[in-house]
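In what follows, a structure is listed as structure tokens, so that the remarks can point back to it.
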């Protein structure tokens, strides 16, 4: 028992982290299903509707309904990736070839440490975030760690030692550098407004959410929101920015030489990035768990209020995931030179202008209201 | 705990830095450099300089090294290019680096100064020591406060240097049009 008491401070964070990763991975697999279902809906098809789990799928009406919705499909997809033969092509650099899928997934899972997903009211009546680590540099940590995610793609392209993956890797690295700048610059005005003088939040995401109790930043800072959203699409390598993958001209891009479970890791990593990006956009611009603009927190301080805040936040995130999928099946892919000129010639000047404009507004506001 | 972590990260930093220098393959070298940057960030975290650590990862490990890898892959620098100029440069660089190392070691051990203490220093009051001020903490806020008050001049000079570098790049890369 004493041993347990000694290890409890170390044990609890591990339990929390494992729980969060489990939920997150579950979300990843079901966003794959959502992608396939929304895609089939947009294209006038039915989508996955045949996978049936023995006992659960044979309950009279419910079983047929769940099967038709494709609820059991992620299990089938996962098993398929697991039981395929592990093939390593002879011409690859084996070490980096094996390392790349891990490097692609790990940053996406690491960033969720600083991602708040709800709020609770502690014994003193102070609102606290539900988050694994509440640090005042939350936003910077997410930017820093997710910028490491590109190494998975670049190394996969290089280690595959064949032409198309290599081109995909090079495109990914150039694209990542171009859009990171615009993304960071678009976020600066948000935190300049959110971290008012006297607040202790700094660059934490909790502070950004708390500052949106009356007015969501999406309404207050539409230009920042737009630049951030476009850069987010580019950073997650989703259509219309999936230059690294681009199956029409690069076969499969960086993962052409990958199969079975290693490809599965890339696949999950893409959806992990989509979910992280959606959650980030909701926290920064869509008010996080605040109910509606003007009506921040009608749920009360009890446990039910906490659960409702989590549920509302998750609903918004689901909407953003749907938005990502919707865009993918609506817009055609950009040409590579269009991606570059959009990043450097439009988004970056726009972000710099937005920053300067907001700085002047804040300076004027401070001068005239004191 | 902190001491153990320090030794682990310091060892990884030194080993990866050494491997980066001796590695014949440019991509291996770049990867070692990334590891070196990330573990340096870990050392910053152990010193409670969180802002510095995050910026280290964001700027160096994230952006600069992606650029390095991009250039290495684009130019295919793995070709054997051991000419006389490169040998001379390697020789000069090693002598300079070794001299700097000797000076550093001498100044730490023989110059009456000591190695920094392993225990963390107590939190100081506002280092600028003027006005109302805010207490000196590890948060980004106090970092920014001293950057924009006490260290304003160095900060601006650094910004000016970066501006000069930027203008230089534009001048070098600009194509001369026929009219001008």
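Annotations
- Selected residue (only one of A:153, A:141 is over 27 Å from residue B:72 (Cβ atoms) and either within 11 Å of chain B (Cβ to nearest Cβ) or part of a loop (DSSP other than H, G, I, E, B) (or both)): A:141
- All positions within segment A:273-310 that are under 23 Å from the mean Cα position of the chain (by Cα), buried (at least 17 other Cβ atoms within 10 Å of the Cβ) and in a loop (DSSP other than H, G, I, E, B): A:286, A:287, A:288, A:289, A:290
- Residues of segment A:236-265 that turn out to be surrounded by fewer than 22 Cβ atoms within 10 Å (Cβ to Cβ) and either within 28 Å of residue A:187 (Cα to Cα) or not assigned by TED's automatic domain parsing to the domain that holds residue A:145 (or both), as a count: 3
- Selected residue (criterion: farthest from residue A:148 (Cα to Cα)) from residues of segment B:41-61 that are away from chain A (no Cβ under 13 Å) and part of a helix (DSSP H, G or I): B:46
- Residue list for segment A:218-230, filter: within 22 Å of residue A:137 (Cβ to Cβ) and either modelled with pLDDT under 80 or surrounded by fewer than 18 Cβ atoms within 10 Å (Cβ to Cβ) (or both): none
- For segment B:13-28, a tally of residues being at pLDDT 85 or above and over 16 Å from the mean Cα position of the chain (by Cα) returns 3.
- Residue among A:334, A:319 that is at pLDDT below 90 and either assigned to a helix (DSSP H, G or I) or in contact with a helix residue (DSSP H, G or I) (Cβ under 8 Å, 6 or more places away or on another chain) (or both): A:334
- Listing of helices (runs of 4 or more DSSP H) fully contained in segment A:1-117 that carry 2 or more residues being within 24 Å of the chain's Cα centre (by Cα) and within 22 Å of residue A:269 (Cα to Cα): A:2-42, A:73-83, A:94-110
- Among the candidates A:208, A:133, the residue that is part of a helix (DSSP H, G or I) and either within 14 Å of chain B (Cβ to nearest Cβ) or farther than 20 Å from residue B:56 by Cα (or both) is uniquely A:208.
- When B:32, B:36 are checked against the criterion of being more than 13 Å from every other protein chain (Cβ to nearest Cβ), out of contact with any strand residue (DSSP E or B) (no Cβ under 7 Å at 6 or more places or on another chain) and under 18 Å from residue A:151 (Cα atoms), B:36 stands alone in meeting it.
- Verdict on residue B:19 being over 24 Å from residue A:10 (Cβ atoms), assigned to a helix (DSSP H, G or I) and away from chain A (no Cβ under 13 Å): yes
The values are calculated or read from the model by the stated rules, or taken from the named source; none is laboratory data. Worth saying up front: this structure is predicted, and the values here are computed from it rather than measured. Positions of Cβ are generated from backbone atoms using ideal geometry, with glycine treated the same way; all protein chains shown enter the neighbour counts.
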